[in-house]
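The structure appears below as structure tokens.
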Amino acid sequence: MNLVKLTIAAALVSAVSGPLATVAQAQDTEKCFGVVKAGKNDCQTATSSCAGTSKKDAQKDAWLTVPKGTCAKIVGGSTVAAK
């Protein structure tokens, strides 16, 4: 009986901690626009539909997720998409 309770408790802890870790990670990162190599973007842009589909290097609306504070140190990097 104790093994069943332990297994259930472990499953609940795992189910709850996964989303919390994702939230904590999201708070420690930022989107960095304008520094992506062609085909290496993290998500969709105004001109492409999904990750890995940016058309050219340094595309102004393509972004990568980087640790917070890093984008300001990258030449051409911006935390806001250029239009």
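Quick note: the coordinates plus some simple rules give every number you see, no bench work behind them. All of these numbers come straight from a predicted model, not from anything done at the bench. As a convention, Cβ positions derive from the backbone with ideal geometry for all residues, glycine included, and neighbour counts pool all protein chains shown.
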Gain in length, Lys83 to Ala58, computed as 0.36 nm per residue apart minus the alpha-carbon separation, to one decimal in nm? 7.7 nm
Note down the net charge around Lys83, summing +1 for each Lys or Arg and -1 for each Asp or Glu among other residues with Cβ under 13 Å from its Cβ. 0
Among 31-41, 50-60, 65-75, how do they line up by average Cβ neighbours within 10 Å per residue, starting with the highest? 31-41, 50-60, 65-75
Applying 1/(1 + (r/R0)^6) with R0 = 22 Å to the Cβ-Cβ distance of Cys43 and Lys73, what FRET efficiency is obtained, to the nearest 0.05? 0.50
Partner lysines whose C-alpha sits under 22 Å from that of Lys40, ignoring same-chain residues fewer than 8 away, are Lys31, Lys55, Lys56, Lys60, Lys68, Lys73, Lys83
Starting from the 7 Å offset along Cα-to-Cβ, what nm value, one decimal, do you get for the label separation of Ala51 and Thr65? 0.7
